[in-house]
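Report on the structure given below.
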Amino acid sequence: AWVAAAVSAAVATPPIPGLSVMFDFSLTVGFVIFYKKQLGLDDESLARIAEIHHIPLYILKDELQKILPAHFFTAVPEFVVSLVKRQAVGTAAEEVLRYVPYV
């Protein structure tokens, strides 16, 4: 994870509007997919768990959606977009302040 943070900081260095935001978005989507699989929350793992415990898959997913946001299971990019929207103002301010000269 520290390597990803270092690369993200390096990508944010050049003053290209939106570059760091797009890179961080794609990086976050990749990590969410990775962690989803590692935690056994991908469709294949959930199907296996449902089969082992003799629970219909849709019931297992319904119970998990009570805990996690619905986008987490349907579409990872939309899930990440919902997280990014919460921080949009701060990100926009960061991009604007990048061009303000320091005195």
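Each value in this text was obtained by applying a stated rule to the coordinates, not by laboratory testing. Treat the numbers as computed from the prediction; the structure is a model and nothing was measured. Methodologically, a virtual Cβ is constructed for each residue, glycine included, from the backbone with ideal geometry; neighbour enumeration extends over all protein chains shown.
Data for the structure
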{"quantity": "Longest site-free stretch - the chain; sites: chymotrypsin sites (Phe, Trp or Tyr not before Pro), DSSP loop, at most 10 other Cβ within 10 Å", "calculated": "1-98"}
{"quantity": "Highest-MSF residue in the chain out of Val11, Val29, Val76 [GNM, Cα springs under 10 Å]", "calculated": "Val11"}
{"quantity": "The chain: proportion of alpha-carbon pairs further apart than 24 angstrom, %", "calculated": "40"}
{"quantity": "When region 1-55 is reduced to its Cα atoms, the Kirkwood hydrodynamic radius in Å", "calculated": "13.3"}
{"quantity": "FRET efficiency estimate (nearest 0.05) - Cβ-Cβ, Ile67 to Arg98, R0 41 angstrom", "calculated": "0.60"}
